[in-house]
Amino acid sequence: MLSIEPSRRELNGAGDVSDVALEQQASRSDIMDRTRVLARIALVDRVFHQMTRAAAVVVLIILGGVIVSLVHGSWPAMQAYGFGFLTSQAWNPVTENFGAAAAIYGTLVTSIIAMAIAVPVGLGVATFLTELCPYALRRPIGVAIELLAGIPSIIYGIWGLFVLAPFLQSHVQPALISAFGDIPFFSSLFAGPPYGIGVLTAGFILAIMVLPFIASISRDVFETVPPVLKEAAWGIGATTWEVMRYVVVPYTRVGVIGGMMLGLGRALGETMAVTFVIGNAHRISSSLLAPGTTISATIANEFTEAVGDLYTSALIELGLILFVITFFVLALARYMLMRIEQKSA
Amino acid sequence: MSLYASRRGANAMATTLCWVAAVFGLSWLLLILGSLVYEGVRGLSPAVFTEMTPPPGSKGGLLNAIAGSLVMTSIGVAIGTPLGMLAGTYMAEYGRYSKLTMIVRFINDILLSAPSIVIGLFVYEILVHPMGHFSAISGAVALALLVVPVVVRTTEDMLLLVPGSMREAASALGAPRAHVVGKVAYRAAKAGLITGVLLAVARVSGETAPLLFTALNNQFWSSDLTAPMASLPVVIFQFALSPYKDWQQLAWTGALLITVAVLALSIAARALSAGRRNSK
């Protein structure tokens, strides 16, 4: 914390506003003045207390406001389409016929692809950082990963559009198509022309984006394991892998899952990284190479151009659905992370 | 194969996979930064900072977008920081063990990672729709709503690190509670609080989604807060998706500028809190 020197100075500073000042005033004038000053201080105190309390309540109001305003905004669409909105694939602004199924499907599929790549790699990176990496490199690499977790998603999007998508289109996707062409299930998964942009590309970009996030949270969680536990395992001759598998992972399971859910929450709600490379096509295609859309990409692409109240309302309802999904994922994640914090405390 | 050999084999395989994962993961990230610098630096010129965003086919810069980003981020931080600091103060100083604090902490953590596009929709509903048009001020409010959770979180964390004995000492001298908080706790946690604000700035300066339908975009210079205003991320979004080579080049350059700014802010924040830790 602070050295003794400045803290003593600060205490003196606090003292001369109240005590010293009070005493001087009291000696100068009568007792009435003193009570008046005390009353003023008490008032300042109370006002400050209530201000901070009000600010804390405002945080709750923000969340409540988000929910209320989204429900209010999507009310016309809810009335027009009811629960069919969730299952309908239609998206036709001209006839004002909207359904969320394609967008929900795209959101889920891209997030699943992202997690399928980012979770194993992220855990690998975290293990590398806590167990294998030479000591001199641990801090620099750890810091670099944390910094990368803060890079705005639009950077990943623009890179995906100009670098990754053309590369996938010319090199990876044709290979996938020909490799899986004759295998029953996979041939439909990797069917169609290689557009470059599409569900698979979007999932991959998301994976790269949440990777530093998952890696740095998992590393933090792994570091909560008391060294004694690991040393005991090493002491009876366990290998690094066995220490990870039978000591670190069981001890941190809840926290690691919480970290993954946090990453999933990010992937589900991510807008810019996906919007660039998804292709914005409102249909559910069995092929991962086909263009699709996600909830957030649909809103980002169409909201400003939406004509008519029903169109806007349908987009806001999409936002509401996204918010509800991420709310539950994040709430679960926080609950799990809270449990590991209590454990380590 | 003996048990010993199979255990060794499993260990070798697992550690190799971890190495592979680390190299795989880090190389993608390096690749992104590499191509960002390569593409961005090519378009870097004084004109980027002195000229307006051009119509397709002609030369120009990003001046109005950079200015718009600065204006909206400043206003957003100016609104969000006091609110977040006060809320964080309540949680750490006044109601440390109260039920309200527990709820606010939970809700705040959710807001911290809630999809930013939803915040954009919220501000559209409460500001843009009633006003009838897009405006810079609603963009700033959207950013402020993203600043609040970051500042709340860091303020609470940093104030909790201040030893209780310092507060007790101040109280023992007769300092009123507000003075204990303002003159002792805030000062002791100053570096941490500034770190929080820097992190919040870094977080919002690259945000695109909440600006798309609040501040919209503006091809020209604008200092009118009630009119649409350009911002760097939205211009990047628009230019990158355009078919024009000039625009795409400007998008890369803008992306480089944002990344450099965000990295600089995060490193500054890190240096500040590290300096604090060393003076322990």
### Query
Here are some conditions: (1) part of a loop (DSSP other than H, G, I, E, B); (2) free of Cβ contacts under 8 Å to residues at least 24 places away in the same chain; (3) more than 8 Å from every other protein chain (Cβ to nearest Cβ); (4) of a type in the set (Gly, Ala, Ser). Residue B:215 meets all but one. Which one does it not meet?
(2)
### Query
Out of (1) at pLDDT below 90; (2) over 16 Å from residue B:150 (Cα atoms), what's the single condition that is false for residue B:206?
(2)
### Selection from the range B:1-59 of residues that are surrounded by fewer than 16 Cβ atoms within 10 Å (Cβ to Cβ), hydroxyl-bearing (Ser, Thr, Tyr) and within 30 Å of residue B:219 (Cα to Cα)
B:38, B:45, B:50, B:58
### Query
Only one of B:225, B:232, B:272, B:241 is within 27 Å of residue B:197 (Cβ to Cβ) and either within 11 Å of another protein chain (Cβ to nearest Cβ) or free of Cβ contacts under 8 Å to residues at least 24 places away in the same chain (or both); which?
B:232
### Task
Within the range B:142-190, track down each residue that is more than 10 Å from chain A (Cβ to nearest Cβ), surrounded by fewer than 21 Cβ atoms within 10 Å (Cβ to Cβ) and within 26 Å of the chain's Cα centre (by Cα).
B:157, B:160
#### Entry: Complete set of residues in the range A:243-291 that are out of contact with any helix residue (DSSP H, G or I) (no Cβ under 7 Å at 6 or more places or on another chain) and surrounded by 18 or more Cβ atoms within 10 Å (Cβ to Cβ)
A:279, A:281, A:285, A:291
#### Entry: Of the criteria (1) crowded, with 22+ Cβ neighbours inside 10 Å; (2) hydroxyl-bearing (Ser, Thr, Tyr); (3) at the interface with chain B (Cβ under 10 Å from one of its Cβ atoms), which one residue A:239 fails
(1)
## Note on the structure
Note on the range B:1-34: residues within 20 Å of residue A:210 (Cβ to Cβ), small (Gly, Ala, Ser) and within 10 Å of another protein chain (Cβ to nearest Cβ) are B:21, B:22, B:25
### Task
Residues that are hydroxyl-bearing (Ser, Thr, Tyr) and within 12 Å of chain B (Cβ to nearest Cβ): find the helices (runs of 4 or more DSSP H) completely inside the range A:266-345 holding 2 or more of those.
A:295-302, A:309-344
### Enumeration of residues in the range B:226-280 that are among the hydroxyl-bearing types (Ser, Thr, Tyr), buried (at least 17 other Cβ atoms within 10 Å of the Cβ) and modelled with pLDDT under 90
B:273
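Each row is one residue, and each column tells you yes or no for (1) among the polar types (S, T, N, Q); (2) over 26 Å from residue B:19 (Cβ atoms); (3) at pLDDT below 90.
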| position | (1), (2), (3) |
| --- | --- |
| A:225 | no, no, no |
| A:228 | no, yes, no |
| A:241 | no, no, no |
| A:283 | no, yes, yes |
| A:288 | no, yes, yes |
| A:306 | no, yes, yes |
| A:318 | no, yes, no |
| A:325 | no, yes, no |
### Task
Hey, could you check the range A:56-75 for residues that are hydrophobic (A, V, I, L, M, F, W, C) and more than 7 Å from chain B (Cβ to nearest Cβ) and say which is farthest from residue B:150 (Cα to Cα)?
A:75
### Query
If you scan the range B:207-240, which residues turn out to be within 18 Å of residue A:269 (Cβ to Cβ) and not polar (S, T, N, Q)?
B:207, B:209, B:210, B:211, B:212, B:213, B:233, B:237
## Note on the structure
(1) among the basic types (Lys, Arg); (2) in contact (Cβ under 8 Å) with a residue 60 or more places away in the chain; (3) in a helix (DSSP H, G or I) all hold for residue B:59 apart from (3)
### Task
Looking only at the range A:195-204, count how many residues are assigned to a helix (DSSP H, G or I), closer than 17 Å to residue A:281 by Cβ and hydrophobic (A, V, I, L, M, F, W, C).
3
### Summary
Checked against (1) surrounded by fewer than 18 Cβ atoms within 10 Å (Cβ to Cβ); (2) touching a helix residue (DSSP H, G or I) at 6+ places or on another chain (Cβ under 7 Å); (3) touching a residue at least 60 places away in the same chain (Cβ under 8 Å); (4) not hydroxyl-bearing (Ser, Thr, Tyr), residue B:106 satisfies every condition except (3)
### Task
Could you tell me which numbered condition residue B:93 fails, if it satisfies all but one of (1) without any contact (Cβ under 8 Å) to a residue 40 or more places away in the chain; (2) farther than 26 Å from residue A:300 by Cα; (3) in contact with a Lys or Arg (Cβ under 9 Å, 6 or more places away or on another chain)?
(1)
### Hits in the range B:247-270 (condition: hydroxyl-bearing (Ser, Thr, Tyr) and over 13 Å from the mean Cα position of the chain (by Cα))
B:253
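The values are calculated or read from the model by the stated rules, or taken from the named source; none is laboratory data. Note that this is a predicted model, so its numbers are computed, not measured. Neighbour counts run over all protein chains shown; Cβ positions are idealised from the backbone, glycine included.
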